[in-house]
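Below is one structure, written out as structure tokens; the observations come after it.
Derivation of every value follows stated rules applied to the coordinates shown; laboratory data play no part. A quick note: this is a predicted structure, and the numbers were derived from the prediction, not measured. Because the Cβ atoms are built from the backbone with ideal geometry, glycine has one as well, and the counts that use them run over all protein chains shown.
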Amino acid sequence: MPYTEGAPIADQRVPAGPIETRWDRRRFSARLVNPANRRNRSVIVVGTGLAGGSAAATLAELGYQVKSFCYQDSPRRAHSIAAQGGINAAKNYRNDGDSVHRLFYDTVKGGDFRSRESNVHRLAQISVEIIDQCVAQGVPFAREYGGLLDTRSFGGAQVSRTFYARGQTGQQLLLGAYQALERQIAAGRVEMHPRTEMLDLIVVDGRARGIVVRDLVSGAVSTHFADAVVLATGGYGNVFHLSTNAKGCNTTAIWRAHRRGALFANPCFTQIHPTCIPISGDHQSKLTLMSESLRNDGRVWVPRDPHDTRAPNDIPEADRDYFLERMYPAFGNLVPRDIASRAAKNISDEKRGVYLDFADAIARLGALAVEQRYGNLFEMYQRITGDDPYKTPMRIYPAVHYTMGGLWVDYDLRSTIPGLYVIGEANFSDHGANRLGASALMQGLADGYFVLPGVIGDYLADAPFDAVDDSHPVVADTMSEVRGRVKTLLAVNGDRTVESFHRELGRLMWDECGMERDEAGLRKALERIPELRDEFWQRVKVPGTGEALNQELEKAGRVADFFELAELMCVDALHRAESCGGHFRSESQTPDGEALRDDANFSYVAAWEYTGVGRPPVLHKEELVFEHVTPSTRSYS
Amino acid sequence: MDTIGLYRTTVGKKVVMAVTGAGMLLYVVVHMLGNLTVFSGPDAINGYGHWLRDIGVVWPTRVALLACVALHFVAAYQLTAKARRARGRYEHRRRVQGSYAARTMRWGGVIIALFVVYHLLDLTVGWLNPNGVPGEIHANVVADFRHWYVVLAYTVAVLALGFHIRHGVWSATQTLGVTTSRVIGLGVAVTICAGFLSVPFAVFTGLVS
Amino acid sequence: MKLTLRIWRQSGATGRLVEYPMDDLSPDMSFLEALDVLNERLITSGQEPVAFDHDCREGICGMCGMMINGMAHGPEKATTACQLHLRHFRDGDVVTVEPWRAEPFPVVRDLVVDRSAFDRIVAAGGYISVPTGSAPDAHATPVPKPDADTAFEAAACIGCGACVAACPNGSAMLFTAAKATHLGVLPQGQPERYSRARDMVAEHDASGFGGCTNTGECTSACPKGIPLTTIARLNADLLRAHTTRSDR
């Protein structure tokens, strides 16, 4: 095995005692910073999605000096904006038996018992406050005729706890956070740096003290310092080249932090979303998701005969296999994502896809009601494929969507580098091995609005730390490393585009470390990735200069980091010889093809320590303790 | 009420244009109704003219109109200057929506202004009128519209006014905060065009003489 | 399928249209994927690729935007450039591609423009002042469904700038009005309703955008179909802000 094992880690900040009061007690035990002193404490927040935007705004409201960074031209464009379906909250407005405990239970179970109970419970508790906050900000959630909030069901839940704003929930929540952030920018408490990309982390005397950034317009490389650094830079699904992530989504910020000492947890836990629009050709640049909410009313089926060439509407009922309803009668079309995706993969392939059919829903509810619920999604589908889903079933197939893994954080969302906090999708924390639908928005906002602002004072109470500037030897070294890398990328001047390398790496990862993994495939990938990486550094062609807007240069830096991350993902996938959630090892399955967990050997978080490019990483285990939810075989049938 | 503050905004200037435009529209409607008295014979329209002078509304109306024209023009000029600075110039540009009326507001306004000058010299002062006797309204009108080129000039101007009113009515209500149906603007424009054009054509075809 | 792309190339203060014949395209490609294909070709032949903004490529982030044959986001209604597919063009078409052009949107490079003026307009008042933690229960204030729907319709704005690019006056009133309407029809947005309208319009004007003449170019170019009624609402709120005593 290409790794070594180091000392186990324990999260020292989870308070003991009843789980219901842990968050209260942690907030009470955390030290506070006097309001007058907060003006002299500074925080860097990288990323302006739901987590980063809400954190920057809230920290500024508390009085801290905040610097916020994003690579897009405006903080409003972070990829949280593309989340369609909704946000979970244990409001129990429906009186259908929901509770904080049930949301907690569903999330731990949905994550296939690979998440930290205390964190998940806190998430469920905070979920109710998020909805209040967002409504007060003017987020136009869907409402019923009585003026109260509407909810719907999502995969992995039997209650209706998902709040939504048509198919644009992420956009509306993000605009709420963005507006709060702009308010603080106008008030002079947040210094905003759009079109600026973080390229490295500055660690001085063991503390995260700043970042090195590149101004994407001028190309200037510069430093920013603060008392703490918060990474809210999202997930790394683009390692697969084709995913539902935005084109710019990347791992650079967290990977650079990992290289500076932050442990990377569960990198192999990636989520494949079952309902995406299939690939139409080699030119495909990204995949588009069709919200999971469609499975509320759409029925998933394939022709019984895989070679059936008839148009879907010509296939009679008797020749259709509604495989999710057949295999999982209790949850039917609403099984969790990992289960739906794998079922689709087992029964069909990328070219054929599976059908998502609304004929029954249209017959039952009328086309108008269906349009009100899903109109914009249907339009989007038609725009991309040219087919009308009111008339012919949608053709869908799974695609990479979310990464549960990320930088390891403790209960305070602090990484293993003091002063470095990681929030939202960038951390590994709340979703275990599989995230339930409508939980990403919940986690991002919980982290940004409530958790981080609630505990960061405990660290900042020790600040201000000794001033650092560009003349500090560590800072100078970090700067010159970044500049050197940019120079090297431009100097290779080879014969292959960045895109061609990314496509090849993505294909390899999808084939060997995608929906189903096995030892032989992962070993093959571990051989191939370093070769491809070496080739990249010898043959990549990056035109232009570093002193201007150069989108190829940006892409090259990101793909270079994906190469290093890809290797770690395969190491992690190979070492975890069990199936759980989004990580399915074909060696570990039940006789009927379901994921077979191995709690005796793998009930831990795998947190990896970086030792050098191509060098075996060190595994640190955080044992998972389940006191409130007993790990069982996840059953949705 | 913060009039200066309001006027400083682009919307405030539009409000001035909407209000002054409404004032001028009101005048145009009254003017049109007055014109229609020509169909009741020379005495009716000449008497109407005398009556207007007798009750002393002529000069106050002229002053008010002049103020409206000035404000309307200044605001339009300022907005146009700002728009010219703001808008981009494309190598290749295709119009998608904007109606003809909406796109010709500025030049339409200029055409109407030029016509008003001619119109005043023609039928108010009488210099350019073939008859040109102040007070002999009916005779002046009949003398005018026997000539095809006068009818043509008048028609062009009235149509320009119609287009201006069509978009102006809709745009003004929008500026004042109410979205109305575009049909209202069209209806007003068509009515006014028909009312104004009925006179020259009646004279030209010999219906009125 | 074949297309000839005439693309605006600019790296300094001025630029020009450069013609690129393309003959290896597929009707299933999005317009941006066609640019990807072109860029790969340019890079391998040692030329600089065309810079263009894009990110989500599913029509929601608002990052992409370009004039395609003289129309913002191209010929398809309610569609962003990233969602525009080549099947809407005819084989052999000549397609002219230019950046958004407006004084407040300076060109950064090729098709990339600076839209930070939009952020400033939002910062001027496009928010509800509710610090984290101060919110009442979400059901404390029911919102009539028609109001919620109107708010949503306006909130669908993605801030792409097509309205400005299409406007013959270089006005950003549709963008400004969309935000003012979104927040102004909700009960939560009432306390700051009039000051919001005043402050956002002031910033709009200060940023150098032109005034609205209600031509409707914006709404027909808008990929999200934000209606012109939002502008009337904003105007009404602005009038109220200036004709009653200060709301602040």
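For segment A:9-146, the alpha-carbon radius of gyration amounts to 1.23 times the rule-of-thumb value 2.2 N^0.38 Å expected for a compact globular protein.
Here the calculated FRET efficiency for A:SER218 and B:LEU128, from their Cβ-Cβ distance with R0 = 60 Å, stands at 0.40, rounded to the nearest 0.05. Segment C:47-79 and segment A:552-604 have Cα centres lying 36 Å from one another. DSSP beta bridges fully contained in the protein assembly as shown are about 70 percent antiparallel.
Per-residue Cβ neighbour counts within 10 Å put B:PHE73, A:PHE450 in the sequence B:PHE73, A:PHE450, beginning with the fewest.
Listed values for segment C:104-111 are Karplus-derived 3J(HN,Hα) couplings in whole Hz (6.51 cos²θ - 1.76 cosθ + 1.60, θ = phi - 60°), namely x, 10, x, 6, 8, 6, 6, 9, and x replaces Gly and Pro. Here the translational diffusion coefficient of segment A:273-401 follows from Stokes-Einstein with Rh set to the Kirkwood radius across Cα pairs; for 10 °C and 1.306 mPa s it amounts to 107 µm²/s. Shielding value for B:77-86 is 6, the average number of Cβ atoms from other chains within 10 Å of each residue's Cβ. Taking each DSSP H run with n ≥ 4 as -39500 (n - 2.57) and averaging over every residue of the protein assembly as shown yields -13500 deg cm²/dmol at 222 nm. Legend: calculated FRET efficiency, B:LEU66 to C:LEU17, from the Cβ-Cβ distance at R0 = 56 Å, rounded to 0.05, equals 0.70.
Between the amide H of A:LEU199 and those of A:VAL212, A:VAL213, A:ARG214, distances stay under 5 Å, these residues lying 5 or more places away or on another chain, with hydrogens modeled in the peptide plane. Segment A:298-363 and segment B:40-104 have Cα centres separated by 66 Å.
Which one, C:MET1, C:ALA202, C:ASN39, projects farthest toward the positive side of the charge dipole computed for chain C from Cβ point charges (K/R +1, D/E -1)? Value computed over the given set: C:ALA202. Local charge for C:ARG101 was computed over the other residues whose Cβ lies under 11 Å away, with Lys and Arg +1 and Asp and Glu -1, and equals 0.
Spatial offset of segment A:255-272 relative to segment C:154-170 amounts to 39 Å, using the alpha carbon center of each. Of the GluC sites (Glu not before Pro) found in segment A:347-442, those in coil by DSSP whose Cβ has at most 15 other Cβ atoms within 10 Å are A:GLU350.
When each of the peptides A:413-419, C:8-14 is scored by how many other beta carbons lie within 10 Å of its residues on average, the order from highest to lowest is A:413-419, C:8-14. Residue-wise HN-Hα couplings along segment C:213-223, as the Karplus relation 6.51 cos²θ - 1.76 cosθ + 1.60 with θ = phi - 60° gives them from phi, are 10, 6, 6, x, 4, 4, 5, 7, 8, 5, x Hz; Gly and Pro carry x. Considering only B:GLY49, B:GLY187, B:TRP127, the residue lying farthest towards the positive end of the dipole of chain B is B:GLY187, judged by Cα position with unit charges set on Cβ. The 3J(HN,Hα) values that the Karplus relation (6.51, -1.76, 1.60; θ = phi - 60°) gives for segment A:434-444 are, in residue order, 7, 9, 6, x, 6, 9, 5, 5, 4, 5, x Hz. Gly and Pro appear as x. Counted over all Cα-Cα pairs of segment A:430-569, pairs farther apart than 27 Å make up 50 percent. Sorting the segments C:138-149, A:541-552, A:291-302, A:147-158 by their mean number of nearby beta carbons within 10 angstrom, highest to lowest, gives A:291-302, A:147-158, A:541-552, C:138-149. For chain A, averaging the sequence separation of C-alpha pairs within contact (under 8 Å, six or more residues apart) and dividing by the residue count gives a relative contact order of 22 percent. Against the longest alpha carbon principal axis of chain C, how many degrees, from 0 to 90 and to the nearest 10, is the axis of helix C:193-206 turned? Relative to chain C, helix C:193-206 is tipped by roughly 40 degrees. Pairs of Cα atoms nearer than 8 Å and 6+ residues apart set the relative contact order; for segment A:273-401 it is 37 percent. Under 15 Å from a label point set 7 Å out along the Cα-to-Cβ vector of A:LEU148, the amide N atoms of segment C:130-167 belong to C:137-145.
Simple spin-label estimate for A:ASN493 and A:GLU623 gives 5.8 nm between the two label positions (7 Å along the Cα-to-Cβ direction from each Cα). Taking packing as the residue-averaged number of other Cβ atoms within 10 angstrom, the listed peptides A:510-519, A:592-601, A:86-95 run from highest to lowest as A:86-95, A:510-519, A:592-601. Within the shell of other residues whose beta carbon sits under 9 angstrom from the beta carbon of A:HIS620, the net charge comes to -2, with Lys and Arg scored +1 and Asp and Glu -1.
Restricting the calculation to Cα atoms, every distinct pair contributes to the Kirkwood radius of chain A, found to be 24.8 Å.
With viscosity 0.890 mPa s and temperature 25 °C, the Kirkwood radius over alpha carbon pairs of segment C:98-248 converts through Stokes-Einstein to a diffusion coefficient of 154 µm²/s.
With each label modelled as a point 7 angstrom along the Cα→C-beta vector, the B:HIS50-A:ASN37 pair spans 9.6 nm. Ranked for footprinting exposure by Cβ neighbours inside 10 Å, fewest first, A:PHE28, C:PHE31 give A:PHE28, C:PHE31.
Could you work out the local net charge near B:TYR7, counting Lys and Arg as +1, Asp and Glu as -1, over the other residues with Cβ closer than 15 Å to its Cβ? Result for the neighbourhood of B:TYR7: +3.
Listed by chain and number, the aspartates and glutamates whose C-alpha is less than 12 Å from the C-alpha of A:LYS524, apart from same-chain residues fewer than 8 away, are A:ASP511, A:GLU512, A:GLU567. Placing unit charges on the Cβ atoms only, positive for Lys and Arg and negative for Asp and Glu, gives chain C a dipole magnitude near 740 debye about its Cα centre. Peptide A:76-89 has a mean of 3 when you count, residue by residue, the C-beta atoms of other protein chains within 10 Å of its C-beta. Using R0 = 45 Å, the C-beta based FRET efficiency linking A:THR545 and B:VAL57 works out to 0.05. By how many degrees, 0 to 90 and rounded to 10, does the Cα axis of helix A:337-347 deviate from the longest principal axis of chain A? Helix A:337-347 sits roughly 50 degrees off the main axis of chain A. Only Lys, Arg, Asp and Glu carry charge here, each on its Cβ (+1 for the first two, -1 for the last two); on that basis segment C:115-242 has a dipole of about 80 debye about its Cα centre. Per 10 Å bin from zero, what fraction in whole % of the C-alpha pairs of segment C:3-98 is there, up to the bin with the longest pair? Bins of 10 Å from zero give 16, 52, 30, 2 percent of pairs. To the nearest ten degrees, helix B:42-54 and the longest principal axis of the Cα atoms of chain B are 60 degrees apart.
In segment B:143-209, the C-alpha radius of gyration followed by the widest Cα-Cα span (Dmax) gives 14.9, 46 angstrom.
Dividing the mean sequence gap of close Cα pairs (under 8 Å, 6+ apart) by how many residues segment C:115-242 holds gives a relative contact order of 34 percent. Mean per-residue shielding of peptide A:171-179 is 5, counting Cβ atoms of other chains within 10 Å of each Cβ. In terms of its Cα atoms, the protein assembly as shown spans 112, 72, 64 Å along the principal axes, sorted from long to short.
Placing unit charges on the Cβ atoms of the charged side chains and taking the dipole of the protein assembly as shown about its Cα centre, the candidate lying farthest along the positive direction among C:SER30, C:HIS73, B:SER198 is B:SER198.
At full extension, A:SER471 and A:TYR390 could sit 22.8 nm farther apart than now, given 0.36 nm per residue minus the alpha carbon distance. Dipole magnitude for chain A: computed about the Cα centre from +1 point charges on Lys and Arg Cβ and -1 point charges on Asp and Glu Cβ, it is near 1020 debye.
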